[in-house]
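Peer 1: Below are the structure tokens for one structure; questions will follow.
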Amino acid sequence: MADFFLAIPVILQHEGKEGTLRADPGGFTRYGWSTAECVQLGISLPATAAEATTLYQKYFWNPLYNQIVSQNVATKILDDCVNQGTPTGIGNLQKALIKTGASLAVDRNFGSATLAAVNAVAEETLLRQIRLQQYATYDTWIRQNPVRASYRNNLASRAAWPDPQGTITKALIAGTYTADFETSVA
């Protein structure tokens, strides 16, 4: 079963330590927590990775994720929710599940029906579909403001995770990644 503490290193790596990105409405960010988000939640900006980890567990780790069979799928879901917000992340997941044949509504809530659907799909099949949905939302975000184009490679890499050779990242950017990508490349 999935474990938050196995997922969090990926999140912290993707989020980075601190900085301010151009065209990012959240302002200064530390360990992925933006000043704007912290003000909205009435919390302090985390000073350490340990503090950020506690916040991620509290605000983004749904206890039902502990029942996900695939650690990679649970990590992917958490990562998308952290980066794009839980409603978008769960919406992407539910759209991906529907693409695999699951019969469920895109209600943007992770409940027992979504959990059952997640555990009924083979890991790589679901990861392929999540990557496609995640990258599509990134692409839409970039198209809304051309200044964001400089983020495309990093966002494609994030959507492609896990992708140790960078093959999926390149295919997402090129528009050649499909639901059967790995089998067509092998």
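Peer 1: Name the one entry in 177, 151 that is surrounded by 13 or more Cβ atoms within 10 Å (Cβ to Cβ), hydroxyl-bearing (Ser, Thr, Tyr) and modelled with pLDDT under 95. Lay out the reasoning, then the answer.
Peer 2: Values: 177 fails: modelled with pLDDT under 95.
Being surrounded by 13 or more Cβ atoms within 10 Å (Cβ to Cβ), hydroxyl-bearing (Ser, Thr, Tyr) and modelled with pLDDT under 95 holds for just one of 177, 151, which is 151.
Peer 1: If you scan region 1-32, which residues turn out to be of a type in the set (Val, Ile, Thr) and either at pLDDT 95 or above or surrounded by fewer than 20 Cβ atoms within 10 Å (Cβ to Cβ) (or both)? Write out each step before concluding.
Peer 2: Applying the first criterion (of a type in the set (Val, Ile, Thr)) to region 1-32 yields 8, 10-11, 20, 29.
Within region 1-32, 8, 10, 11, 20 qualify.
Peer 1: Considering only residues that are without any contact (Cβ under 8 Å) to a residue 24 or more places away in the chain, out of contact with any strand residue (DSSP E or B) (no Cβ under 9 Å at 6 or more places or on another chain) and not hydroxyl-bearing (Ser, Thr, Tyr), which ones fall in region 52-86?
Peer 2: Selection gives 58, 63, 81, 85.
Peer 1: Considering only residues of region 83-120 that are over 18 Å from residue 179 (Cβ atoms) and buried (at least 23 other Cβ atoms within 10 Å of the Cβ), which is nearest to the chain's Cα centre (by Cα)?
Peer 2: The qualifying residue nearest to the chain's Cα centre (by Cα) is 89.
Peer 1: So, residue 46, is that one at pLDDT 95 or above, outside any helix (DSSP H, G or I) and not small (Gly, Ala, Ser) or not? Outline the logic, then answer.
Peer 2: Details: at pLDDT 95 or above: yes; outside any helix (DSSP H, G or I): yes; not small (Gly, Ala, Ser): yes.
In short, yes.
Peer 1: Sticking with this one: On the basis of being part of a helix (DSSP H, G or I) and surrounded by 14 or more Cβ atoms within 10 Å (Cβ to Cβ), does residue 143 make the cut?
Peer 2: So residue 143 fails the test.
The values are calculated or read from the model by the stated rules, or taken from the named source; none is laboratory data. Predicted model only: the values in this text are computed from it and were never measured. FYI the Cβ positions are ideal-geometry reconstructions off the backbone, even for glycines, and counts take in every protein chain you see.
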